[in-house]
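Structure, as structure tokens:
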Amino acid sequence: QPFARLQTPDGPAHCVEQVLFRDGDLQYLGLIQDILQVGHPAQQLTITVPEPAYVYDVRAGKPVGAAPLSTWQAEISRGRPLLYALLPYRVTALRAEAPATVAPGAALSVRATVAATDKPQHHVVHLSVYAPGSRRPHRHYSQNIACPGGVGEAVIPFALNDPVGTWRLELRDVASGTRTTRTVRVTRTP
């Protein structure tokens, strides 16, 4: 039996596969239109789940609504899957704690905390690290932070030859899209 009911204005949705992943009380619903059905048009869906939840569009990085939902609208098309986080609470903020300065060659600890209307469960926060003047995240320092209970920690092992200056840390809760930014100054003088 499918987890969600998928309706179009003309009746049940065609050629859509759904996958449900559960992590404690958190649920993730993935929908994909069959890629082998060439020429199948996009479908306007009404998605209905058994119980109301705070619904987040994981790929868009934003909430679907401000209150718990059991029904919402979406469009699905070939090659454009949908992924929703169905949470029993609303994510209200993401906080990041890190020292203001660090020396080249030292390790920097970054603590991520997901705040919610109820006790957060397991979240993943993506940390993107930007060197001074860079528009691309540093591929060796950027990482995912496991946050059991909504709290996790990452370590950035700065190299001795990293550029001094202000580095930007951008954190994003993967399920809800909630973001925050911190800066840290890499300096040779204390």
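For the stretch 154-190, residues that are of a type in the set (A, V, I, L, M), part of a strand (DSSP E or B) and in contact with a Pro (Cβ under 9 Å, 6 or more places away or on another chain) total 2. Per the conditions (1) open to solvent by 50 Å² or more (accessible area, probe 1.4 Å); (2) free of Cβ contacts under 8 Å to residues at least 60 places away in the same chain; (3) in contact with a Gly (Cβ under 8 Å, 6 or more places away or on another chain); (4) within 23 Å of THR92 (Cβ to Cβ), the sole criterion not satisfied by LEU160 is (4). Residue pairs whose Cβ atoms lie under 6 Å apart, sitting 6 or more positions apart in sequence or on different chains, and linking a residue in the stretch 141-152 that is within 21 Å of VAL184 (Cα to Cα) to a partner that is of a type outside the set (Gly, Ala, Ser) and open to solvent by 10 Å² or more (accessible area, probe 1.4 Å), are ASN144/VAL124; ASN144/HIS126; VAL151/THR113.
Within the stretch 58-91, the set of residues being without any contact (Cβ under 8 Å) to a residue 40 or more places away in the chain and within 21 Å of HIS126 (Cα to Cα) comprises ARG59, VAL64, TYR89, ARG90. PRO137 fulfils the conditions (1) part of a loop (DSSP other than H, G, I, E, B); (2) open to solvent by less than 60 Å² (accessible area, probe 1.4 Å) except for a single criterion, (2).
The values are calculated or read from the model by the stated rules, or taken from the named source; none is laboratory data. Every value quoted in this text rests on a predicted model; they were computed, and no experiment measured them. FYI the Cβ positions are ideal-geometry reconstructions off the backbone, even for glycines, and counts take in every protein chain you see. The area values use the complete protein model at the heavy-atom level, side chains included, leaving out ligands, DNA and RNA. Shrake-Rupley method; radii C 1.70, N 1.55, O 1.52, S 1.80 Å.
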